[in-house]
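FYI, it's all coordinate maths here, none of it is from the lab. What you see is a predicted model, and the numbers here were worked out from it, not measured in a lab. Backbone-built Cβ (ideal geometry, glycine too); neighbour counts: all protein chains shown.
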Amino acid sequence: LSSLGSNQSLKETLALRLDHTTFPNRGTYLAMKAYLHHLQEDYSEALKSLQEAEEVLQEDHPTNISRQVLVTYGNFAWIYYLLTNYEKVEHYLEKIHKICQALSSPEPYSVAIPEIQAQKGWSLLTWGFRNGPEAIKCFQLALRGDESNREFQAGLAYSVYAFCCLNLEEDMKETQTFLEEVLVRQPQNAEAKVFLANVIWIKNQRGVKEELERAKSLVEDVVQNSLNPEVLRNAAKVCVSLPLSLSQAISVLKKAIALSPSYHLLYYDLGLCYKKQMKKASPGKREELVAAAIESFKQSLEKDPASVFSQLELAKLYGEKSLAYVEEIYQNLMEDLPKLSQRCQQAIYLHWGDFLLHKKGKKEEALEMYTKGLQISGGHGKERWLLRGRLLSLAKLFQEESQGDQAKAIREMVGSLYGDESGRVLQGGK
């Protein structure tokens with residue numbers, strides 16, 4: 001976590017999941033909430049969340065509570081250790097020890113059971129889809145111990161979907177199969193419907209009309225019936241992709257905002273929709289849409305002041321009128337860079353490079369920004385792909401300006417950072 005704002009955003013996400021989950025995994029989300037309080041050294045609130053987690057686990061898992069509550073007891077012990085209440089620490093360690101003994105564990109305070117792997121898997125997915133590969137491993141291990149568990153099966157399906165969303169070159173056939181199986185077991189699972197609709201669209205953008213109609217039908221069903229703001233947010237994204245309309249996506253997002261007015265990502269996505277509408281708008285209408293987009297991103301920042309992407313979008317919109325103000329935004333973001341996630345760092349280098357190139361005409365400085373962004377390993381596939389594309393375009397520009405050595409150096413650098421395939425494409429582009 002990079003800041004209080006991110007902490008608040010994650011709490012909002014957890015609150016939504018607690019209210020709308022279709023699986024008996026509320027205890028995991030409450031344990032994560034306790035962790036966020038612990039990061040702020042708010043130990044009394046952390047203990048309240050853990051107490052609630054224990055109660056919820058008792059409700060959701062009355063027949064195997066001991067297997068479900070181990071992680072919560074471990075968290076209790078840690079918080080009490082930080083509070084130097086060693087009597088309570090011993091109390092919870094003793095509870096853990098007794099459960100491990102009952103489960104015939106060779107270790108006194110740990111045991112390898114499916115329930116713990118599943119809790120880890122859900123936690124990873126909550127932190128972000130970038131954790132899809134690790135979450136896949138967790139749910140695969142959980143299923144080895146309980147192969148018919150519907151929660152574990154759905155967790156695996158969601159994890160595979162998360163992985164494929166960040167690696168679009170992956171075969172989506174397996175992802176679709178997993179999600180179809182979730183819907184067989186849970187026909188009203190709105191989240192799985194939206195995920196499946198997105199997979200169908202990705203697979204059939206230039207293909208089967210019937211499949212696209214099915215994806216459209218799945219989304220419309222969710223829009224009509226779901227009251228889960230996060231699911232509606234994802235449905236709006238698919239609306240933008242499918243042959244529905246931006247107007248419908250905006251309507252869906254406004255419905256979600258009415259349900260969850262403090263969720264900053266809803267305002268962020270609404271701003272993106274207004275930006276897309278700007279592209280084909282008349283001059284008079286465009287000004288109206290610019291104002292609506294700016295207001296949406298400002299609302300997003302009001303709800304989460306640490307939202308880097310909202311700041312970047314505002315910078316682009318303000319760039320049409322005040323270059324000095326935009327430069328100030330980028331400089332402030334650069335100062336915060338070391339505290340930010342890899343994806344945020346990549347996005348800042350990408351947008352800053354675009355500004356330097358297109359607004360200031362500084363090719364060399366833009367090259368430096370794009371290069372630094374691509375040198376960041378990890379992060380997000382989308383940002384890396386965009387950075388790669390920017391560098392390829394710069395190489396072409398240098399080539400056209402008779403700076404062949406510079407162009408070649410950029411191509412070789414991209415090839416080394418992005419992989420051999422990228423290098424071959426570049427060499428072919430000479």
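For the pairs 11/120; 216/298; 137/339, flag any whose C-alpha to C-alpha distance is greater than 23 Å. Kindly include the intermediate steps, with their values, before the conclusion.
Details: 11/120 18 Å; 216/298 31 Å; 137/339 28 Å.
Violating the 23 Å Cα-Cα cut-off are 216/298; 137/339.
Quick one: Debye curve from the alpha-carbon atoms of region 80-223 only, equal weights, vacuum; give me log10 I(q)/I(0) at q = 0.10, 0.22 Å⁻¹ to two decimals.
For region 80-223 at q = 0.10, 0.22 Å⁻¹, log10 I(q)/I(0) is -0.47, -1.30.
Expressed as a whole number of Å, what is the distance separating the alpha-carbon centroids of region 182-242 and region 101-125?
Each part reduced to its Cα centre gives a spacing of 34 Å.
For residue 335 and residue 402, what is the calculated FRET efficiency with R₀ set at 60 Å and r taken between the beta-carbons, to the nearest 0.05? All intermediate terms of the calculation are to be shown ahead of the outcome.
Working: r = 38 Å, r/R0 = 0.63.
Using R0 = 60 Å, I get an efficiency of 0.95.
Direction-averaged shadow area of the convex hull around the Cα atoms of region 4-111, nm²?
Working: hull surface 28.2 nm².
That works out to 7.0 nm², a quarter of the Cα hull's surface.
Translational diffusion coefficient, Stokes-Einstein: compute it for region 18-77 using the Kirkwood radius over C-alpha pairs as Rh, at 25 °C and 0.890 mPa s, and state it as an integer in µm² s⁻¹. It would help to have the intermediate numbers written out before the result.
Working: Rh = 11.4 Å.
D = 215 µm²/s.
If a/c stays under 1.5 just call it rounded; otherwise compare a/b with b/c (prolate if a/b is bigger, oblate if not). Do that for region 59-128, with a ≥ b ≥ c from the square roots of the Cα gyration tensor eigenvalues. Don't skip to the answer; put the middle values down first.
Numbers: a/c = 1.81, a/b = 1.19, b/c = 1.52.
Oblate is the answer for region 59-128, as a/c is 1.5 or above yet b/c matches or exceeds a/b.
With each run of n ≥ 4 DSSP H residues scored as -39500 (n - 2.57), what mean residue ellipticity at 222 nm is computed for the chain after dividing by its residue count and rounding to the nearest 500 deg cm²/dmol? Don't skip to the end; give the middle numbers.
Working: 23 runs with 333 residues, N = 430.
Using -39500 (n - 2.57) per qualifying helix, the result is -25000 deg cm²/dmol.
State, to one decimal in nm, how far the label point of residue 298 lies from the label point of residue 137, with both points 7 Å from Cα in the Cβ direction.
4.6 nm
If you project the alpha carbons of region 319-430 onto the principal axes, what extent comes out on each, in Å, largest first?
The Cα atoms of region 319-430 stretch 40, 31, 18 Å along the principal axes, largest first.
Which of the trypsin sites (Lys or Arg not before Pro) across region 271-313 are loop residues per DSSP, with 12 or fewer other Cβ within 10 Å? Spell out each step's value before the answer.
Working: sites: 275, 276, 279, 280, 285, 286, 298, 303; in loops: 279, 280.
Filter output for region 271-313: 279, 280.
Helix 43-60 against the longest principal axis of the chain: what's the angle in degrees, Cα atoms only, rounded to the nearest 10?
Taking the Cα atoms of the chain, the angle to 43-60 is about 70 degrees.
With charges set only on the Cβ (+1 for Lys and Arg, -1 for Asp and Glu), what does the dipole of the chain come to about its Cα centre, in debye to the nearest 20? Intermediate values should be presented prior to the final figure.
On the way: 52 positive and 55 negative charges, 290 e Å.
That gives the chain a dipole magnitude of about 1400 debye.
Across region 154-241, what fraction of all alpha-carbon pairs, as a whole percent, falls in each successive 5 Å bin from zero upward?
For region 154-241, the binned pair fractions read 3, 16, 27, 27, 21, 6, 1 percent.
When Lys and Arg each count +1 and Asp and Glu each count -1, what net charge do the other residues less than 12 Å away from residue 256, Cβ to Cβ, add up to? Write out the running numbers ahead of the final one.
On the way: positive: 233, 237, 254, 255; negative: 230, 269.
Net local charge, residue 256 excluded: +2.
Please turn the phi angles of region 93-107 into ³J(HN,Hα) values with the Karplus equation 6.51 cos²θ - 1.76 cosθ + 1.60 (θ = phi - 60°), one per residue in order, whole Hz, x for glycine and proline.
5, 5, 4, 4, 4, 5, 5, 4, 4, 5, 8, 6, 6, x, 9
Whole-Hz ³J(HN,Hα) for each residue in region 252-264, computed from phi via Karplus 6.51 cos²θ - 1.76 cosθ + 1.60 with θ = phi - 60°, x for glycine and proline: what do you get?
Once rounded to whole Hz, the list reads 5, 5, 5, 4, 5, 5, 4, 7, 9, x, 9, 7, 5.
With θ taken as phi - 60° and the coefficients 6.51, -1.76 and 1.60, list the Karplus ³J(HN,Hα) couplings across region 267-281 in order, rounded to whole Hz; mark glycine and proline as x.
Each residue of region 267-281 in turn: 5, 4, 5, 4, x, 5, 5, 4, 4, 5, 5, 4, 4, 10, 7 Hz.
May I ask you to derive the relative contact order of the chain, considering only C-alpha pairs under 8 Å and at least 6 residues apart, and to give it as an integer percent?
Values: 531 pairs, mean separation 37.2, N = 430.
Here the relative contact order equals 9 percent.
Which whole-number value in Å³ per residue fits the convex hull of the alpha carbons of the chain? The partial results should precede the final answer.
Values: hull volume 74.0 nm³, N = 430.
Convex hull volume per residue, Cα atoms: 172 Å³.
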